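The values are calculated or read from the model by the stated rules, or taken from the named source; none is laboratory data. Just so it is clear, the model here is predicted, and its values are computed rather than measured. Cβ placement follows ideal geometry from the backbone for every residue including glycine, while neighbour counts extend to all protein chains displayed.
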Amino acid sequence: MQRAQLLKNVNPSVPKPPGTWSHDVMAESVKVPSDDTTYWCHVHRLPEQLRTKHHVVQFEAVVQEGNEALVHHMEVFHCVAPPDQNIPEYKGPCFAPQRPETTQVCKRVLAAWAMGAPPFVYPEEAGLPIGGPDFNSYVMLEIHYNNPEKRSDWVDSTGVRLYISPTLRKYDGGVIELGLEYTDKMAIPPHQPQFTLTGYCISECTAVGIPPEGIVIFGSQLHTHLTGIRVFTRHIRDGRELPELNRDNHYSTHFQEIRLLKREVRVLPGDALITTCWYQTTERTNITMGGYAISDEMCVNYVHYYPKVDLEVCKSSISNNALDTYFRFLREWEDQQTSSSQGISSNYQAVDWTPMRSQMLEQMYQQFPISMQCNQSSGERFPGYWEDMISSHVLFPLPPQARECSTEETV
């Protein structure tokens, strides 16, 4: 059975310019570890043709036949460093202690793919910049392997194919991550038919990260793990809600295409983008933490836009002070076994999650101050104080969508 979104942009694909060539960024015969979740990193040097600037006009996954269920999602990152700096061509687990520190500069997203996504084609006015005299020639492929059976016999050669044109388009394109940080500060109690988490790209961040003329968003990829059932991103300007950026009311982790928007959306400095994910944990017996494992959860919207700016990540989580206050309340007033000497995950797991405590947690996430990742492509935060920030408020929400069907009874 194949899922499909029927009400979507059906504009014809943009033809590739003459002279377009392809280049594969591939992992090579990876002996996948027998863990249920592995993030595998492969640093790759781009070919000499990219000594001059080109544009990526399309990219797609190249998944080894028979390994479709193993490869959950992939990203290609550019290593942001001086053009003459050599980056070690590391191949191994992304979080291994032996991974060279110098590979940590590989953070700017060039391409992102997830299970179910078809090839992504850029609009004719924009392309993803790659190469040039000031461009470091190293990129890093990151693959999320999902191995719930913990098999030890998987061998994989998978990657991303880039279609590259020497003919430059009008605008350089880029990718911004919206939503929640990958952190165990955000969690979902068990036995929940519906639980919401919201990540904020607040106006203070777009004010420093987006130029006066704004950016134009043309594509969006929503992403959660196994318990996500609905995802949407709202667009706020001066407290007034504008039309939504993207929404999937029947989200599936097995169908995560990058969707070209029906209408391009201009985001101005000072706008806020609010990404909300709904989760269902009725079959889980313990709390689900935010994190990288497939059994953990995420809430992300990768938005594709032009012209490229230095804002790379605009995501939030509950502030540390707010979370400490919440755990202290549970200990002192609810007689829960939380402690300031325990880690965040241990504190969440120590709670007996009754319906009332689950509701309190959801309200705390909605009302308490947040910590912001307002990050440049280098991985550094933009200058400013980004802790204990106030989340974006919607003073004038959109009216409920009118029903098109008649409410009159028919005989």
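Numbers for the structure displayed
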| quantity | calculated |
| --- | --- |
| Residue satisfying condition, being crowded, with 22+ Cβ neighbours inside 10 Å, touching a His at 6+ places or on another chain (Cβ under 7 Å), of a type outside the set (A, V, I, L, M, F, W, C) and touching a residue at least 40 places away in the same chain (Cβ under 8 Å), within set G159, G127, G116, G131 | G127 |
| Residue in segment 273-291 that is without any contact (Cβ under 8 Å) to a residue 12 or more places away in the chain, among the acidic types (D, E) and outside any strand (DSSP E or B) present | yes |
| Extreme residue, surrounded by the most Cβ atoms within 10 Å (Cβ to Cβ), among residues of segment 45-67 that are in contact (Cβ under 8 Å) with a residue 12 or more places away in the chain and either farther than 30 Å from Y306 by Cβ or aromatic (F, W, Y) (or both) | F59 |
| One residue from R151, R99 being closer than 28 Å to N320 by Cβ, out of contact with any helix residue (DSSP H, G or I) (no Cβ under 7 Å at 6 or more places or on another chain), of a type in the set (K, R) and in the same structural domain as V76 (by TED's automatic domain parsing) | R99 |
| Qualifying residue in segment 238-261 (condition: closer than 21 Å to A112 by Cβ and in contact with a Cys (Cβ under 6 Å, 6 or more places away or on another chain)) | no |
| Residue in segment 248-263 that is at pLDDT below 95, in contact with a Ser or Thr (Cβ under 9 Å, 6 or more places away or on another chain) and among the charged types (D, E, K, R) present | yes |
| Residues of segment 178-208 satisfying the condition of being touching a Phe, Trp or Tyr at 6+ places or on another chain (Cβ under 6 Å) and crowded, with 20+ Cβ neighbours inside 10 Å | A187, I188, P189, F195 |
| Subset tally (residues that are crowded, with 22+ Cβ neighbours inside 10 Å and over 30 Å from P148 (Cα atoms)) for segment 220-244 | 2 |
